[in-house]
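Single-structure report; data block below.
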Amino acid sequence: VLPLTLLLLLIAFGSVSLHQQDMRALVGERDERAVQSATAALSAELHHRAASISNLVAFAELSNDITTIRTTSDLASDFDVGLAYLDMDGQLLAATPPVTLWDWIAQTNITLASAADVEPVFSALFLDPESNKRFVIVSQTVPSLNIVVAGAFSPETLAHETLSASYPDSNNVTIFLLDSSRQILFASGPLAVDSLPVDHPGVAEALRGQS
């Protein structure tokens, strides 16, 4: 009787363990697909903003006007921090509000597109001292006019609008969006914090392009 009882216990606990492993694998696959979908959505939004700057470059060349930026509601929502025309030395020529941010940008070393760049260029993340928020600039040159067309946006706002579809507010899910230097750009959920430890599971793998 004893060997039979031990065998039944082994089968029971073994079945539970296998079931747990299968459930973890299933949840892991589901989460991986959700994360890949979210990253694809973010990539599409960034591509859209780069294309919008290229369209503004084409419009500036056609209109030959560097004193006025004609914007639309879509552009205003995409570049929630504003749009600007700058000369090749970074001096402001025209801008949409808030102009003070562009005046500050003109005095800093934020990298914008140069004459050698034929495609839109994304700047590194920078901290605006006035609002204490992090922004990114997309810029492209207009060679015929010797100017740079630039648009600034908040990665946090972009992430909130894009990721809310895949990850609605929930007590069961915490999400983090980090840049290559492991700064948290956006965090949401019950375990959200302002910083993560260097060895936080998954971060190093993700920065290597793994899931």
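Couple of notes before you dig in:
- Ranking 107, 79, 204 by how far each Cα lies toward the positive end of the dipole of the chain (charges on Cβ) leaves 204 at the top.
- Lys/Arg +1, Asp/Glu -1 at C-beta; segment 1-137 dipole; positive extreme among 34, 129, 91: 34
- Computed over the chain, Kirkwood Rh from alpha-carbon pairs, angstrom: 20.2
- In terms of Cα atoms, the Rg and Dmax of segment 164-203 work out to 10.4, 29 Å.
- Base-10 log of normalised Debye intensity for segment 39-116 (one unit scatterer per alpha-carbon) at q = 0.16, 0.19, 0.22, 0.26 Å⁻¹: -0.66, -0.93, -1.21, -1.44
- Packing, as the average of other Cβ atoms within 10 Å across residues, places the peptides 25-35, 52-62, 118-128 in the order 52-62, 118-128, 25-35, highest first.
- Hydrodynamic radius (Kirkwood) for segment 36-76, which is based on Cα pairs only, to one decimal in Å: 11.7
- Coarse-grained scattering of segment 102-211 at q = 0.21 Å⁻¹, given as base-10 log I(q)/I(0) from a Debye sum over alpha-carbon atoms: -1.19
- Of the peptides 82-88, 156-162, the order by per-residue mean of other Cβ atoms within 10 Å, starting with the highest, comes out as 82-88, 156-162.
- Here segment 1-88 is treated as an ellipsoid with the same Cα gyration tensor; its semi-axes, largest first and in whole Å, are 64, 9, 8.
- The convex hull defined by the C-alpha atoms of segment 97-153 has an orientation-averaged projected area of 4.0 nm².
Rule-based calculations on the coordinates, nothing more; no lab input. All of these numbers come straight from a predicted model, not from anything done at the bench. FYI the Cβ positions are ideal-geometry reconstructions off the backbone, even for glycines, and counts take in every protein chain you see.
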